[in-house]
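In what follows, a structure is listed as structure tokens, so that the remarks can point back to it.
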Amino acid sequence: MYQLLEKTSEDDYDTDVELDGKPGETVTEEQVYRRACEEVGVSPISYYIRHHHDAHLNLNYRCMSPKAVKALSIALVTNTAVTTLDLEHDGINAEGVQYLMEMLVENCFIQTLNLSNNELRTWGVEVLCKLLPLNISLKCIKLSGNKLKCNAASYFADTLSSNFRISELDLSYNQFGDKGAEFLGQMLATNESLEILNLQWNQIQTEGAVALSAGLRMNITLKSLNLSYNGFGNEGALAMGETLKFNSTLLDLNLGSNHINNEGVNMLCKGLDVNENIKILCLSNNPITVDSAIRLLEVVRKNEKSNLEKININNVLVNENFMELLKSITQDRPQFVIETKGVGGSIAGSRKHRPDPMKVIQDYLDKHKLRLSDFFRNMDKAGNMSVPNSDFKKALQQFNIPLDLIQIEELLSKLDRDNTGSIDYRNLVDTRKRMIRDQREQLHKEETRQRKEKQKTQRVLKTLNSAMKAITPRNSFVNVPGQLSISGGLNVPDAALILMATFVSSCIKLSTDSQYANTKCHYVLNSSCPNTFDHKSITQWSACSVLETLREKGIVVIVRWFSEQTTKVIS
């Protein structure tokens, strides 16, 4: 491919080539491009000829054939001006990607590559990821809308787990699904360069949400994560809430349009209650109400270390209670902004809850130790077990039963279904029976719902824990015979404090052993300890400080010992 560029010496290798063998004459970038087009048999792109000196080269919607891409790639090998290359909607297939990536092996100036909406599919991604480690300049890759599926995600997981130059990756509007999200979660767990990741509109549901949350929990560089227009649901919100308790780098999180309701927001807020770094949170277009809006404000009010500056819930109508709480918050945090749909008066507020009027009457009877028959006889002056509606209303007021006009009318519509103008005692008894039956059914439904939610929560947390173990590299396990083991799990007995000093000393000793020199565990430990340390400096560390430092790094200590060893240490 690059034989078209005849290299004459080391001095003019990057920029100059001889033309027709005449000494002293050099080939311009335009001439190189025209010559390449002539050799491969395509017409030059006039826009490139006019703008090849621009830092941002926009060649979107050009419908280039693989040959056209080849000619362009030949010209870009020696181009030192272009830093952003846009090739969106150009019909570039895997063959075109091959030419571009071979060019990027030589070109060390292009930092942003946009190949969105080119239907690259898995083959194109395989070619891209194969040659990507050979490039030294790319920082941003945009591959939105390329019909990428789970297999393509596996290539990103393999490549970006070891390539630490890419800081921004746009994979939105693809079809990764839950399986692809598992691969991307593994990538997040080990990648140490990505700062911006866009996974918008990728058919990621609960299992994928859990896998991504597990990877994010171990990630130490990502700052912006767009997960909007997926299907996380409340279970995904629960997993993300658990992750936010530990992640200390994420600043911008977008969970818009993810079928998260009030319950899911409450689960997410359990992580926000202790999170100290999130600045921007988007929950727009989720089926939430003003109750969730108030819950989010309570996070900002109660968590003094919260860094939240902007919340987007622009589809939610709020009420006066929300506005009063917001006013008190902005007095202390004037930079805080929350986007809502506006104040909707009675529509925005939660509907006033009115108990079943028959239940109110029954509570009254229970309180005064009266029977329903006695209550009715006090109203039935004629003794025919029937009372006019007007007399029934007056009796309710005389007995001071706490019913408003709306409840009374609701009760009358139930008792006098045939509009006879009077209430029969049997109707009153039947209404009470229906009320009791409805209460029992409602209680049963609520108990069933709570049981299912508890099971669902336990299942999500179990899956999250399994995902954490699955993405923990094997070399992060180090055993100290008879005493300790380190893993990425989450289980620290209180009695571990007794052996913490022994643990630190053993790890320092192991870190000098070539057998464990390259383990991730010791890298984390050494990076969190002082630059120079010995046994004396280590003894100054409290056990709690050691545990906290390891927890921030995503490493948790599990201590195992025999009873006689424990006794020996304590003594």
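Within the shell defined by Cβ-Cβ distances under 15 Å, the residues around ALA153 carry a net charge of -2, with Lys and Arg each +1 and Asp and Glu each -1.
Say a paramagnetic label sat at a point 7 Å from the Cα of LEU370, along Cα to Cβ; which residues of the range 398-413 have their backbone N under 15 Å from it? The answer is 398-403, whose backbone nitrogens lie closer than 15 Å to the label point. A protection proxy built from the mean count of other Cβ atoms within 10 Å ranks the segments 169-179, 301-311, most packed first, as 169-179, 301-311. Most tightly packed first, judged by the mean number of other beta-carbon atoms within 10 Å of their residues, the peptides 397-410, 424-437 read 424-437, 397-410. For the range 133-218, the alpha carbon convex hull comes to 75 Å³ per residue, rounded to a whole number. Going by a ≥ b ≥ c, the root eigenvalues of the Cα gyration tensor, does the range 57-176 fall in the rounded group (a/c under 1.5), the prolate group (a/b larger than b/c) or the oblate group? The shape class here is oblate.
Surface composition of the range 258-304: carbon plus sulfur atoms hold 46% of the accessible area, using a 1.4 angstrom probe and ignoring ligands, DNA and RNA.
Place a point 7 Å from the Cα of ASP438 along the Cα-to-Cβ direction; which residues of the range 350-389 have their backbone N under 14 Å from it? So the set is 354-362.
Packing, as the average of other Cβ atoms within 10 Å across residues, places the peptides 327-333, 211-217, 187-193, 69-75 in the order 211-217, 69-75, 187-193, 327-333, highest first.
Legend: distances between Cα atoms for LYS305/LYS452; LYS359/LYS381; LYS179/LYS445; LYS147/LYS310; LYS139/LYS270; LYS367/LYS414; pairs beyond 31 Å are LYS305/LYS452; LYS179/LYS445; LYS147/LYS310; LYS139/LYS270. Here each label is just a point 7 Å from Cα along the line to Cβ, and for ASP391 and THR221 those points are 8.5 nm apart. Each part gets one Cα centre, and for the range 422-460 versus the range 224-297 those centres are 32 Å apart.
The values are calculated or read from the model by the stated rules, or taken from the named source; none is laboratory data. Small disclaimer: the values here were computed from a predicted structure and weren't measured. Positions of Cβ are generated from backbone atoms using ideal geometry, with glycine treated the same way; all protein chains shown enter the neighbour counts. Keep in mind that these areas ignore ligands, DNA and RNA; they rest on the heavy atoms of the full protein, side chains included. Shrake-Rupley method; radii C 1.70, N 1.55, O 1.52, S 1.80 Å.
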